[in-house]
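Readers should treat all values here as calculations from the given coordinates under stated rules, not as data from a laboratory. None of the values given here were measured: they were computed from a predicted structure. Glycine gets a Cβ as well: all are built from the backbone with ideal geometry, and neighbour counts include every protein chain shown.
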Amino acid sequence: MKKLGLRYALLIYGLLILLLLGLMAAFWWQYRHSMARVRQTGVQVVTGVTEELLKQQVTMLMQATARQLTNPLYYTDYSGLHRRLRFLVQSPQIRFVYVYDLQGRILHDGDRSVPRYGEPVPYALARSALRTGRLRFAKERKTLLAAVPITMGDTPIGGLLVGFALDSLQSAQAAIQQALSQVQAEVERSGLMIFVVSSAGISLLGLALASLLGRHLSYPIQQLIHQAQNLGNPRANAVPAVSRNDELGKLSQVLVEIAARLHQTTVSRDYLERIVDNLSEALLVVNPAGRITFFNRRATELTGYRPEQLQNLPLIEVLEGEDSRQSERREGWLKRSDGSIVPVALRSSPHPDEGFIHVIEDLSRQRRYDEEQRLAARVYRDSPQGILIADARGAILSANPAVLSCLGFRGSSQLRGRLLAGLSEDTGISHRLQQCIDQGERWQGEIAIRDRHGQVLPFWMTMSAVRDPHGVITHFIAILLDLRERKETEQRIYQLAYFDPLTRLPNRLLFQDRLHQALLVAEREHHMVALLFMDLDRFKVINDSHGHAVGDALLQAVATRLQRQVRREDTLARLGGDEFAVILRHVRHADEAAQVAEKLLKAFTEPFELDGYRFYTGASIGISLYPGDARDSGDLLKHADSAMYQAKNEGHNLYRFFTPELNAAIAEQAELEHDLRQALAAHALEVHYQPQWDLHTGRIVGLEALVRWRHPSRGWVAPDRFIPLAEESGLIERLGQWVLRTACRQMHHWQRTLGVDCRIAVNISACQFRHPQLAEQISALLAETGLSPALLELELTETVLMDHGRETVSILKRLSDLGIQLAVDDFGTGHSSLGYLKRFPLHRLKIDRTFVRHVTEDNDDAAIVKAIITLADTLGLAVIAEGVETDAQAKFLLRHGCYLAQGWLFAKALPAGEAERLLRRHRPIRQPAAKSS
């Protein structure tokens, strides 16, 4: 029984074993197939995904790092290389970093070990990258090698070799392989055990065990497959480990460890992404279709697009017309999302997936900086103001052309090294300037600098300190403004404001200031001040007859002579026109002022030779004294002016002191001038008419118009008093015009009403005669009044005729051409020159009353009168005597050939009404016009 049982047991066990073997064979095949899938999935995912992610990040990192190392490597800036490689060296994923030159010699090893500068790079990959000009990868042991050339433009200048640690990747691969091997061994042992147990069990137990084994093994293996598939997806939800204590649990735990290591790899990738995001340049990765697949944060800032807008955007939308195949650095324009254009520098390189990586640098700030630098350089070069740049000690480093031009230097080297403070010729200013430099303070002020030729020039300097970001003074900037032109302008303005431009003497403004100062000093020191007021005699005559050029030359000559007669401490000024004044300081006695006045008058004894002529002139001087005559400058000047007019009235070339009586006379004169103005404006003056008689017939042949003034309170004012006043006050021209118009209108009235046909004689003043339109004015006046020119006779004095030189002939010619008669009044009393009688178109000579008054008693007067009559007869001129008061005078004149006369013997000057009655009684006869000479 035991054997049979054993046999049946063995048979059953055998059958069960056969059944289990069949089942195990099926499960074994499924197990082998599943383990192959697990191995393939785990190894491929870990290796492929990790390597691809690592290479992509390494590619971007290497391109960006090579771009940042271009300038430091080109300029051999090892500190710059160190700063830019610091973030790589500190990464735990970086085994080593080599920067090498074109010969493969190490220039920088990342400071990880003993410096190896100058040694050859120990990897052939570095030289391969230089030869191909592209990024190269290689694996060596547990390290991923990446080499990229560093170029300046299209020219390689060196390379970058970085070793990335692959420990995590290789550890993951080894762990997977070891875990799978252990699982396989354990499963095999479990299978044998199950086979033995199954052989000893019953078939139902075997079937149940087989079914249980299928469920127990297939589900965990599917979980392991799913867990292995998600190892490379960092965004997938974490798959929990299989909670088993068997080999599948161990395999699941291994996969969890692999996921953790992959997470570390992802962290490293995130670290690289943060590095890329923090680059100052924009980074764009473009696929072969020309669409953007990757970008950093700077790219969104520069383009203005949101990340979702920039993703998959065609590159042409950002870089219009850009050719991605160009690898050299180039400049272009980037189009922002708002349509604005930004200047950029672009550098492109191929991507491993056949796309391109574009590194874009914003040039806006650089362009602005470059423009500012160019502008600053141009301002420095072309500025009209001088600019000096000095170091922190104040030593000059450079000077712009304006400084060099002003100081006569050819280059900055002639100023380089000199101290700013040492430029000043004033030691006080130099000391203050050096103090400001030592203390870093701003300074400005006027400074005198000696140029290359030794001339001291004035400048206005403004000096400021230049500080670095830490507040440390690095330089000083000094701006120099050339003050020469300003000084000259100020001097010209001062000269124009305070000096007479013609004579260079102080003008009235400076004179008044100096007079005021002199009086203040005199009051404080208790001494006298004398003021001499001077007016030239006959200057207006010379100026009008010979022109303003001669007049100006005469004033200059007079000023030169007068300057020689006064002390340097005294002031000689020209107040205007022909008026001069002298301020004498520190006068002890009035005699001192008199002595100076005599010296000034003596300066006029010699003639002035100007323009080929010799001119004789004099001066009238009035003197007032402080404090006796006045205590302020205004009254002192007014009193000196009054004394001057007193001297002029008494004659020529005289001086007079001011007296109280003179002041009263001047006041009366001023009052009389005021009344004369009012009388002229109100037509309160009168024209009287004195008849001119024919001594043969006793008939009236003409009338002389004479102005008279009946003052409301003073009564009749003598003509010899108010006519000179009219000349001095400038009223004579208006007065003369009024008299001429009134006389012509009255004569035309008599001609129409009485039928008289005689001449009307009117005196012409020097002021009227000087008028350039005299002939035109008189012609218009005759047309206005209706009087015939043949009935008008104009009387001019010898002085008026002689003082106008060459112009006199022209004026008289125009008047004579109008048909007007011309007579010389007061003949023999003025500047006699018989030559003018032949040159001027005259018609009549008028013997002055001073010769007629004593003609019957004084042989000299009689001889003069007879000579005048004979001269007139010889020249074919008519002759008339004025001031005839006795029959004896009339008979003498008639006996010697003078047939015309006027005077009180016949009639005095009569108002128009009385003159009209006289004309009615004595019907005038037509007097033939005298023959013009």
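Things to note:
- Contour excess over end-to-end distance, with Cα ends at Arg297 and Ala557 and 0.36 nm allotted per residue: 84.6 nm
- FRET efficiency, 1/(1 + (r/R0)^6) with R0 51 Å, evaluated for Ile389 and Arg567 via beta carbons: 0.45
- Panel values: region 499-658, Kirkwood radius from alpha carbon pairs, Stokes-Einstein at 25 °C and 0.890 mPa s, translational diffusion coefficient 156 µm²/s.
- Label sites at Ser364 and Ser729, each approximated as a point 7 angstrom past Cα along Cα to Cβ, lie 8.3 nm apart.
- Net length available on complete extension from Trp333 to Glu807 is 162.3 nm, with 0.36 nm assigned per residue and the Cα-Cα distance removed.
- In this structure, the residue pairs whose Cα-Cα separation is over 32 Å, taken from Lys599/Lys638; Lys602/Lys638; Lys638/Lys908; Lys602/Lys813, are Lys638/Lys908; Lys602/Lys813.
- The label-point distance for Arg631 and Gln103, in a model that sets each label 7 Å from Cα toward Cβ, rounds to 10.5 nm.
- Alpha-carbon centroids, region 658-712 and region 331-380: separation in whole Å: 98 Å
- Three-way shape label, region 90-157, alpha-carbon gyration tensor, a/c 1.5: oblate
- Relative to the current alpha-carbon distance between Trp716 and His548, full extension at 0.36 nm per residue lengthens the span by 56.5 nm.
- In terms of the mean number of neighbouring beta-carbon atoms within 10 Å, the peptides 646-658, 906-918 order highest first as 646-658, 906-918.
- FRET efficiency estimate (nearest 0.05) - Cβ-Cβ, Arg141 to Leu18, R0 60 angstrom: 0.70
- Taking a straight line from the alpha carbon of Lys335, these aspartates and glutamates sit under 18 Å away, with near neighbours fewer than eight places off in the same chain left out: Glu281, Glu301, Glu308, Glu317, Glu320, Glu322, Asp323, Glu361, Asp362.
- Convex hull volume per residue in cubic angstrom - Cα atoms of region 391-497: 112 Å³
- Alpha-carbon centroids, region 60-120 and region 501-540: separation in whole Å: 89 Å
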